[in-house]
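Below: the structure, in structure tokens.
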Amino acid sequence: MEGYGRGMAVRSSPETLIVQRGDTTIEAFGYGHGDETVILAAGLARPADQVERLASELATEGIRAITFNYRGIGGSTGPIDGLTLHDLADDVWAIADRFGSRRVHLAGKTYGNRVMRTAASDQPDRTVSITLIGAGGQILPSEEVQTAYLRLLDPSISSQEWTELNATVNYAPGNEHLAAAAIELGTFPDVMRSQLEASNSTPLEEWVSGGSAPMLVIVGLQDRVAVPANGLALATERPETWLLGIPHCGHNMVDEQPETLSHEIARFIERNSG
């Protein structure tokens, strides 16, 4: 069944394209049609499915939304050792090229916004706007939360423990039940390790500002990982930056408040059309 947004038909299933860049293959998915295109990056070592609902919702708003699997997930392959955030950002721009988009909007969920901030910093002339869904990097979470994330890296962790840790750390109180569906998307400890190493190998000053395009920073007010003070610091220091705090939301806002997210991102993209 097809949905409609602003007079435009939206396909019920995405268009799948394979992006080849050297020895790297990226599996990407396009939703809907529109004059504006946004590329969405999922969270730390999470598949494109994590932001599928958000992409579908944006498509109903008449915005073409593109998601993708990181290297090592799904049909995406390529080196995962010795990377920096710039390598992952290059994958993003290869996706834009493959979909025929010279200038795009960028949006990243938690770790994904580190990738997108790097992409925007590397190619500011191609970035129309950037949206951060959970913004970390400057102010660290508590030692308890950092320890929990290290445990999530352990390939021997059971599905039950992974789900319990994910629920405790990544969801606001009262939303823990939403974590049960996340395990069905799979866990990718090698990709998680690789992405954390890529972030640690990239100097903060090379990505944290996210270039110069208009930026929307969306924070979950109960986020224990990308604590809200990060978003406030960025919005205070960076020109053309707007801050939105969502109550009753933790680190996984895409599960907790999907309708609010899609509505606010769509409005921001429309205000900053390219």
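Going residue by residue through segment 65-75, is there one that turns out to be among the aromatic types (Phe, Trp, Tyr), in a strand (DSSP E or B) and either touching a strand residue (DSSP E or B) at 6+ places or on another chain (Cβ under 8 Å) or modelled with pLDDT of 95 or more (or both)? Scanning segment 65-75, I find at least one residue that is among the aromatic types (Phe, Trp, Tyr), in a strand (DSSP E or B) and either touching a strand residue (DSSP E or B) at 6+ places or on another chain (Cβ under 8 Å) or modelled with pLDDT of 95 or more (or both), so the answer is yes.
One residue stands out among those in segment 20-48 that are touching a Ser or Thr at 6+ places or on another chain (Cβ under 9 Å) and free of Cβ contacts under 8 Å to residues at least 40 places away in the same chain: the one that is farthest from Ala182 (Cα to Cα), which is Gly32. With respect to Val217, determine if the residue is under 15 Å from Gln50 (Cβ atoms), touching a residue at least 40 places away in the same chain (Cβ under 8 Å) and touching a Leu at 6+ places or on another chain (Cβ under 6 Å). Considered against the rule, which asks whether it is under 15 Å from Gln50 (Cβ atoms), touching a residue at least 40 places away in the same chain (Cβ under 8 Å) and touching a Leu at 6+ places or on another chain (Cβ under 6 Å), Val217 comes out as no.
Within segment 123-130, one or more residues are assigned to a helix (DSSP H, G or I) and either more than 21 Å from Pro203 (Cα to Cα) or in contact with a Leu (Cβ under 9 Å, 6 or more places away or on another chain) (or both).
In the set (1) under 30 Å from Gly34 (Cβ atoms); (2) in contact with a helix residue (DSSP H, G or I) (Cβ under 8 Å, 6 or more places away or on another chain); (3) surrounded by 16 or more Cβ atoms within 10 Å (Cβ to Cβ); (4) of a type outside the set (Val, Ile, Thr), Leu234 fails one condition alone, (2). Based on this model, can you work out whether Arg102 counts as touching a strand residue (DSSP E or B) at 6+ places or on another chain (Cβ under 9 Å), in contact (Cβ under 8 Å) with a residue 12 or more places away in the chain, more than 13 Å from Leu216 (Cβ to Cβ) and among the basic types (Lys, Arg)? So Arg102 fails the test.
The values are calculated or read from the model by the stated rules, or taken from the named source; none is laboratory data. Being a predicted model, the structure only gives us computed values, none of them experimental. Backbone-built Cβ (ideal geometry, glycine too); neighbour counts: all protein chains shown.
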